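The values are calculated or read from the model by the stated rules, or taken from the named source; none is laboratory data. Here the structure is a predicted model, which means the values were calculated and not measured. When we count neighbours, we look across all protein chains shown, and the Cβ atoms used for this are built from the backbone with ideal geometry, even at glycine. In case anyone asks, the SASA skips ligands and DNA or RNA and just uses the protein heavy atoms, side chains included. Shrake-Rupley method; radii C 1.70, N 1.55, O 1.52, S 1.80 Å.
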Amino acid sequence: MYDVVLHPGRDKAVRRRHPWVLSGSVAREPGATPAGELARVTSAEGEVLGYGDYSPRSQLRVRLVAFGKDAPAADWLDERLAASAERRATDPLLEGTDALRLANAEGDGLPGLVLDRYAGVVVVRASTAAMAARRAEAVRFAATLPGVTSVVARDDATAARREGFEPSSELLAGAPPPARVEIREHGRVYQVDVARGQKTGFYLDQRDARSLVERLARGRRVLDLFAYTGGFAAAAARGGAPSVTLVDASEAALALARAHVERNRGGACEARFVVGDAFEAARRLRERFDLLVVDPPPLARRSADVQRASRAYKDVFLHALRAAAPGAFVLVFRCSHHVSSDLLRKIAFGASLDAQRPVQVLATLGAPSDHPVALDHPEGEYLSGLLLRA
């Protein structure tokens, strides 16, 4: 067993069950231990505080998988995967969809591992060397789930470089998945490219927000900035929007968005697709819209990016508010834990001042219950949003 010994007074976070041990807290660690080995974390006085996955090249030196003096059982991964899947299967908030997250990293006590299911296809995504080494266990579990015909890998390539493992993107079990996996979500139908799509193929974390847009859309002119494959616009079209305007930099993504809008439209709905930078397009808006969705990509991947990201968020929120018709609904989002929910509200407030538009906050928005956040790990809350009325 490899030991990671903390500096005196630097064990408070672990005692509060936070799963991350940062490099600055470490006084002594193994010398040439490979990434992904299980390490025992001790206080400066020698008390065993927990066990976790060791990563010598990362600022997150240890990701804890067990707290206290007892090491995790040999089958801890299987048990947690089974418990995670069972929670989804019995969760009434997750009815009406065949696409959901089966395992959500730290939120399910599985740091560095995500499993997403799209109908009969399960995507396994590892972001640590330890979970990459355990991939076969995750694949065995996923392949036994009822209705699963394919298990594929889509590792986080950026994390793999940081952790020092070779990312996998291949078929792991079962038959090759179709080029487009069709999923159903509360009556909506989408096609997912599990091989090349963003994240693991689709933004499952915005499911509830798409349902909200569908409920709000009837009779409203809709703008979907950063539309990607048109999840929000398709929901609005199904909800009875007379027109939807989609803006995204990817022509390929908008081609699929066109198919999604066409497949889901509930009646006559004019659709306009604009290929281009959404930040620039927002500045050139001359139309007025009754329902606007502003869902930028991650703008603060590090804490050092927060100031720059805040300016970018404020700029696009400002121009969206200027394009909002009186009484319009505006949904704004952030998707980085470095930009807090409180900071998002402050940014929206600053944008409303500059736009000279009084704005009401109608609701706070977040990821659905298949993306749980552990109270011990607030950094897991990377996605939040606001429903505003301008």
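Looking only at segment 377-390, which residues are over 11 Å from the mean Cα position of the chain (by Cα) and either small (G, A, S) or open to solvent by less than 60 Å² (accessible area, probe 1.4 Å) (or both)? Spell out how you get there, then give the answer.
Here is the first cut: in segment 377-390, the ones over 11 Å from the mean Cα position of the chain (by Cα) are 377-379, 385-390.
Passing the criteria: H377, E379, G385, L386, L387, L388, A390.
Restricting to segment 12-36, and then to whatever is open to solvent by less than 20 Å² (accessible area, probe 1.4 Å) and modelled with pLDDT of 95 or more, can you tell me which residue is farthest from the chain's Cα centre (by Cα)?
V26
For V261, are the conditions met, namely being of a type outside the set (F, W, Y), open to solvent by less than 30 Å² (accessible area, probe 1.4 Å), closer than 17 Å to L386 by Cα and in contact (Cβ under 8 Å) with a residue 12 or more places away in the chain?
Working: of a type outside the set (F, W, Y): yes; open to solvent by less than 30 Å² (accessible area, probe 1.4 Å): yes; closer than 17 Å to L386 by Cα: no; in contact (Cβ under 8 Å) with a residue 12 or more places away in the chain: yes.
For V261, the condition - of a type outside the set (F, W, Y), open to solvent by less than 30 Å² (accessible area, probe 1.4 Å), closer than 17 Å to L386 by Cα and in contact (Cβ under 8 Å) with a residue 12 or more places away in the chain - is not met.
Inspect all residues belonging to segment 177-184 and state whether any of them is among the acidic types (D, E) and assigned to a loop (DSSP other than H, G, I, E, B). Spell out the reasoning first.
Quick first cut of segment 177-184, residues among the acidic types (D, E) only: 182.
When the remaining residues are screened for being assigned to a loop (DSSP other than H, G, I, E, B), the result is none.
The answer is no; no qualifying residue exists.
Just give me the residues in segment 109-147 being over 26 Å from G50 (Cα atoms), under 22 Å from the mean Cα position of the chain (by Cα) and of a type outside the set (V, I, T), in sequence order.
Scanning segment 109-147 gives D116, R117, Y118, A119, G120, A142.
From the list R288, R221, R258, R207, which residue is modelled with pLDDT of 95 or more, in contact with a Pro (Cβ under 7 Å, 6 or more places away or on another chain) and more than 16 Å from R184 (Cα to Cα)? Reasoning before the result, please.
Numbers: R288 fails: in contact with a Pro (Cβ under 7 Å, 6 or more places away or on another chain); R258 fails: in contact with a Pro (Cβ under 7 Å, 6 or more places away or on another chain); R207 fails: more than 16 Å from R184 (Cα to Cα).
Just one listed residue meets the conditions, R221.
Among the residues of segment 19-49, write down those that are within 24 Å of D108 (Cα to Cα) and either in contact with a helix residue (DSSP H, G or I) (Cβ under 6 Å, 6 or more places away or on another chain) or among the hydrophobic types (A, V, I, L, M, F, W, C) (or both).
Applying the first criterion (within 24 Å of D108 (Cα to Cα)) to segment 19-49 yields 19-23, 35-42, 48-49.
Passing the criteria: P19, W20, V21, L22, A35, G36, L38, A39, V41, V48, L49.
Specify the residue that is nearest to T97 (Cα to Cα); the eligible residues are those in segment 169-186 that are touching a helix residue (DSSP H, G or I) at 6+ places or on another chain (Cβ under 7 Å) and surrounded by fewer than 19 Cβ atoms within 10 Å (Cβ to Cβ).
Going residue by residue through segment 169-186, those that are touching a helix residue (DSSP H, G or I) at 6+ places or on another chain (Cβ under 7 Å) are 172-174, 185-186.
Still in the running and surrounded by fewer than 19 Cβ atoms within 10 Å (Cβ to Cβ): 173-174, 186.
Details: A173: 23, G174: 22, H186: 6 Å.
Here the answer is H186.
Scan segment 11-36 residue by residue and report those that are touching a residue at least 40 places away in the same chain (Cβ under 8 Å) and part of a strand (DSSP E or B). Full working, then the answer.
At the first step, the residues of segment 11-36 found to be touching a residue at least 40 places away in the same chain (Cβ under 8 Å) are 14, 16-21, 34-36.
Of everything in segment 11-36, those that are touching a residue at least 40 places away in the same chain (Cβ under 8 Å) and part of a strand (DSSP E or B) turn out to be W20, V21.
Applying the selection to segment 154-168, what residues are in contact with a helix residue (DSSP H, G or I) (Cβ under 8 Å, 6 or more places away or on another chain) and either assigned to a loop (DSSP other than H, G, I, E, B) or loosely packed, with under 14 Cβ neighbours inside 10 Å (or both)?
Going through segment 154-168, the residues in contact with a helix residue (DSSP H, G or I) (Cβ under 8 Å, 6 or more places away or on another chain) turn out to be 155, 160, 163-168.
Residues satisfying the conditions are D155, G164, F165, E166, P167, S168.
Answer with yes or no whether A234 is among the hydrophobic types (A, V, I, L, M, F, W, C) and either open to solvent by less than 10 Å² (accessible area, probe 1.4 Å) or out of contact with any helix residue (DSSP H, G or I) (no Cβ under 8 Å at 6 or more places or on another chain) (or both).
Working: among the hydrophobic types (A, V, I, L, M, F, W, C): yes; either open to solvent by less than 10 Å² (accessible area, probe 1.4 Å) or out of contact with any helix residue (DSSP H, G or I) (no Cβ under 8 Å at 6 or more places or on another chain) (or both): yes.
Criteria met by A234.
So in segment 323-335, with the set limited to residues that are within 18 Å of D205 (Cα to Cα) and surrounded by fewer than 22 Cβ atoms within 10 Å (Cβ to Cβ), which one is modelled with the lowest pLDDT? Give the derivation first.
Taking segment 323-335 as the starting set, the residues that turn out to be within 18 Å of D205 (Cα to Cα) are 331-335.
Narrowing the set further to residues that are surrounded by fewer than 22 Cβ atoms within 10 Å (Cβ to Cβ) leaves 333, 335.
Numbers: F333: 97, C335: 91.
The residue in question is C335.
Anything in segment 195-227 that is under 16 Å from the mean Cα position of the chain (by Cα) and of a type in the set (V, I, T)? List them, or say none.
If the condition is that a residue be under 16 Å from the mean Cα position of the chain (by Cα) and of a type in the set (V, I, T), then T200 is the only one that fits.
Which residue is most open to solvent (accessible area, probe 1.4 Å), if the candidates are limited to segment 187-227 and must be in a loop (DSSP other than H, G, I, E, B) and within 14 Å of L291 (Cβ to Cβ)? Spell out the reasoning first.
At the first step, the residues of segment 187-227 found to be in a loop (DSSP other than H, G, I, E, B) are 187, 193-203, 217-220, 226-227.
In the following step, the residues that additionally are within 14 Å of L291 (Cβ to Cβ) were identified as 217-220, 227.
Values: A217: 0, R218: 174, G219: 57, R220: 62, A227: 9 Å².
Filtering first and then ranking leaves R218.
Only one of (1) in contact with a helix residue (DSSP H, G or I) (Cβ under 7 Å, 6 or more places away or on another chain); (2) closer than 30 Å to Y190 by Cα; (3) of a type outside the set (A, V, I, L, M, F, W, C) fails for E270. Which number is that?
So the condition that E270 fails would be (1).
State all residues of segment 275-308 that are open to solvent by less than 40 Å² (accessible area, probe 1.4 Å) and in contact with a Ser or Thr (Cβ under 7 Å, 6 or more places away or on another chain); if no residue qualifies, say none.
Residues satisfying the conditions are L299, A300.
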